[in-house]
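Please read the structure below before turning to the comments.
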Amino acid sequence: MQSSRMVSDKLIISMRKLTSLTARHGAILGVIALAVSFFAAALQALNPVAQAGLLSSSPVPSPVSSHQQLVDRYCIVCHNETARTAGLMLDQADLVSVSNDAPIWEKVIRKLRAGQMPPAGMPRPTKASFDAFATYLKTELDRAAQTHPNPGRPPLQRLNRAEYTNAIRDLLAVEIDGTSLLPADDSRHGFDNIGDVLTVSPLLLERYLSVARKIRRLAIGDLTVGPLFETYNVSKYLMQDDRASQDLPFGSRGGSAVLHNFPLDAEYIVQIRLQKNSRRYIRGLGEPHQLDLRLEGERIKLFTIGGEHKARSAGIFSTAGLGDPEQERYERTADEALEVRFPAGAGMRLLQVAFLKETSVPEKPLQPAMTQYDYSQYKGGEPAVATVAIGGPYDAKGVGETPSRRKILLCRPALSEQEEPCAEKILSTLARRAYRRPLTDEDLQTLLSFYQAGRNEGVFEAGIGIALERILVGPEFLFRIERDPANLASNSAYQVSDLELASRLSFFLWSSIPDDELLDLAEGAQLRDPAVLEKQVRRMLADARSQALVEHFGAQWLHLRNLRSKVPDLDVFPYFDANLREAFQQETELFFESMLREDRSVLDLLRADYTFVNQRLAQHYGIPDIYGSHFRRVTLRDEQRRGILGQGSILTVTSYPNRTSPVTRGKWVLENLLGTPPPPPPANVPELRNRNQAGKILSMRQQMEQHRADPVCASCHKMMDPLGFALENFDAIGSWRITDAKARTPIDASGVLPDGTMFEGPAELRSILMQKQEEFVYTVTEKLLTYALGRGVEFYDAPAVRKVLREAAASDYRWSSLILGIVKSTPFQMRRSQEL
């Protein structure tokens, strides 16, 4: 019966295609006659039960035929070979063997999930038939994917800058600043770990050689290194009126905590310079202040600066007029005395520079809060640190005993005959970790030849250093190499090896190389065991290195990295400063980290009733009774602030410097939360007009209404704008407002979706998104899979995404369930061999 039904479905579809073809090309009677003859002959081949099902007066339609009727009635009017709307030709697509046209039907599923088909204003099927059609497509595609998996073929991947930095840390116990040593990586699909764009240029290769030499000196030590100064800058937009970092002492104000690598046991010089106003006067010298300098918490020196009145001053605001020459010289150069020489052991050490916070202040008139412009001319107030420069080494005593030397130099040969066996032990251990696999004899001999070349020109450690440089510039370290098994047929799906799986796992969760435990399991062919794999995933998520998911996945997905390039207009937002920018960043990072550490539901990104604030951010949000610069978790009583849509970081990166952008905010929601990015805008889009013909200033909504009057613009803006308007009560830096300051009109935060759903404000927008939780969770999973694979997600990955969601639903889509689902998925565990 089932095979008969399949035959009947195919015949019905064939008849439809013949009729469609005849209608377009003429010769109607001849072709229809041929089709009828074909149909009648085929019926003879069917069994009696099938014939009865087709010819009875009350036929029972097959599932495929009912779905075909739905497509014919509601879809083909737009999506046919002639119109080709959205690139879909559903009159040519196979609805029986759905997998034959998987790219088309996956696109249809995406549009059905988003409610974009049929479009608003067009006839729509009942919800039951709509859902049945979508379920049928998913079931057929998922069944075909299980039988014939297509995991894709990730391209050769170079370590990106963050992965290289983390790998050096975990391989050698050396902290480097990758952003200053290596160029930024290109990105695609929203992430900078995509193999297609991680290219290698001759200039980058030269940089790798240079960086390897520097890392070698930092890791092993080099007595030939000469004194160098490294300067650390403090943002001039940072208001230093409270404790500036958790790494600085309680009771301190401003300053900076600097993690610096002291290359040798030697003496070093620290030079501190203070902030100056626009006319080069040091601020805050009217009263004495104490500046505390510490190394790893131990005080090096306590400076006193300010309070010296040499002669008449020109006043607390700098002007073109000059005071007494001696006082002028003091007010411009007093910080040159902030210099000290001290001994320090080799290694990465924390240098702390901060003012002691005064518990009382001299009585004086109350001053209003200053804007950045006022502050640029001001000489009064309190001094602030501008730069910290560390110079050295001087009078070196030795290379010292650092964590990196302990990790690298596993043996210390006392006799010449002990050197080569010791070198073999050191290099084989290092290379195994760096290459993420056991060494071959050829690998080891190559490294020993470099060791010998270095040893011939110096001491044992010099030879190890040259071999270390070879490891760090080798393709085995710089690239994530996956090799097809021998004698495998072209374009065949196969499981990656345990060692390759270990690398995929560590770069996904840690953005770094596997540790020894992971490598040991992979070498023993135990990692693929489901219980072992799950245990390792949970161990790695609990490890501090999983912070990489926050810093690299979360920050890129949510566009947090764009925050540092956002410069709000100080004429419009005079009290915006670097403290607020950093608070925005830290709030969202702590919020996202709490999601992972507490293994919360992904849906809590939208609905969580808590966030993290310090005093500066709490004041910005209007949250009372929060004091101090440290962040703490608070419950949000204001429903409008809940979830990521109420956070200043998101609201600022989706705005312009001087105003909000409902379009950008709406596009951000569509692209990053719902997975339905709008098409690119047409060329030569006109700017918004902020006044009407009568010269009246228009609100943002009125400006957008003018813009949408153009039918070409309206088609996309009707999807984006309502979502963005719901957030209009938040200004361009995330402050709550009830009126448009320029137009002086009340904020209208209402919106209407294309399907007619009405809502108003952030809370109701959140409710709309929670009703679309399938689209939201699907989008999060798709983004996470893109990041995990280092390639864009393709149509053939959709069955894997759906399987992850089905299995995660029971746990309310906890982060661990999504991550485990991805790790166990076909595209993560398998690969397709090269097509010849």
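The values are calculated or read from the model by the stated rules, or taken from the named source; none is laboratory data. The shown structure was predicted, so the numbers you read here are calculated from the model rather than taken from an experiment. Neighbour counts run over all protein chains shown; Cβ positions are idealised from the backbone, glycine included. What goes into the accessible areas is simple: the full protein's heavy atoms, side chains included, and nothing from ligands, DNA or RNA. Shrake-Rupley method; radii C 1.70, N 1.55, O 1.52, S 1.80 Å.
Summary table below
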read-out	value
Summed residue charge, Cβ within 12 Å of residue 338's Cβ, Lys/Arg positive, Asp/Glu negative	-2
Which of 564, 504 is most accessible, then next, and so on - probe 1.4 Å	564, 504
Distance violations [Cα-Cα > 20 Å] among 718/772; 107/803; 236/379; 566/718	566/718
With every protein chain in place, the stretch 121-256: carbon and sulfur % of accessible area (1.4 Å)	54 percent
3J(HN,Hα) from dihedral phi, the stretch 396-403, Karplus parametrisation 6.51/-1.76/1.60, rounded to Hz, x for glycine, proline	4, 9, x, 7, x, 10, 9, x
Spin-label model distance (nm) - residue 356 vs residue 569, 7 Å beyond Cα toward Cβ	4.6 nm
Solvent-accessible ranking of 106, 298, largest area first, probe 1.4 Å	298, 106
Nitroxide proxy distance, nm - points 7 Å out along Cα→Cβ at residue 610 and residue 186	4.3 nm
Extension reserve of the residue 658-residue 269 stretch, reckoned as 0.36 nm per residue once the Cα distance is removed	135.7 nm
In Hz, Karplus ³J(HN,Hα) per residue of the stretch 556-562 (6.51, -1.76, 1.60; θ = phi - 60°; x = Gly, Pro)	7, 4, 8, 6, 5, 5, 6
Matching label, Rg and Dmax of the Cα atoms in Å computed from the structure shown, candidates [x] 27.9, 89; [y] 33.1, 116; [z] 30.3, 96	[y]
Percent RCO, i.e. relative contact order, over the stretch 608-658, from Cα pairs under 8 Å lying at least 6 residues apart	39 percent
Net lengthening on full extension, residue 444/residue 245 (0.36 nm per residue, minus Cα-Cα)	67.1 nm
Residue-normalised accessible area of the chain, given per residue in Å² at a 1.4 Å probe	47 Å²
Rounded to the nearest 10 Å², the accessible area of residue 484 at probe 1.4 Å	50 Å²
Modelled label reach - residue 223, point 7 Å along Cα→Cβ, the stretch 252-267 residues with backbone N closer than 17 Å	263-267
³J(HN,Hα), Karplus 6.51/-1.76/1.60, whole Hz, each residue of the stretch 215-229, x for Gly, Pro	5, 4, 5, 5, 6, 9, x, 8, 5, 8, 5, x, x, 9, 10
Sequence-distant residues sharing a close amide H with residue 252 (under 5 Å, placed H)	357
Contact order normalised by residue count of the chain, Cα under 8 Å, 6+ apart, percent	13 percent
Amide proton proximity set for residue 347, modelled H, under 5 Å, gap of 5+	262, 264
Solvent-accessible area of residue 825 with every protein chain in place, 1.4 Å probe, in Å² to the nearest 10	10 Å²
Accessible surface ranking that places the most exposed of 540, 719 first, with a 1.4 angstrom probe	719, 540
Heavy atoms of residue 479: accessible area, 1.4 Å probe, square angstrom to 10	40 Å²
Label-point gap, in nm, between residue 739 and residue 332 - each point 7 angstrom along Cα→Cβ	4.7 nm
Lysines with Cα under 18 Å of residue 535, excluding same-chain neighbours fewer than 8 positions away	824
Net length gained if the chain between residue 490 and residue 209 were fully extended (0.36 nm per residue, minus Cα distance)	97.5 nm
At R0 = 30 Å, FRET efficiency that the Cβ-Cβ distance of residue 122 and residue 143 yields, to 0.05	0.45
Hypothetical label at residue 598: residues of the stretch 807-833 whose amide nitrogen lies under 19 Å (7 Å Cα-Cβ projection)	811-819
Modelled FRET efficiency - R0 30 Å, residue 296 with residue 794, Cβ distances, 0.05 increments	0.05
Amide hydrogen neighbours beyond the local backbone of residue 289, cut-off 5 Å, H modeled	305, 306
Förster radius 22 Å - calculated FRET efficiency between residue 561 and residue 630 (Cβ-Cβ, nearest 0.05)	0.35
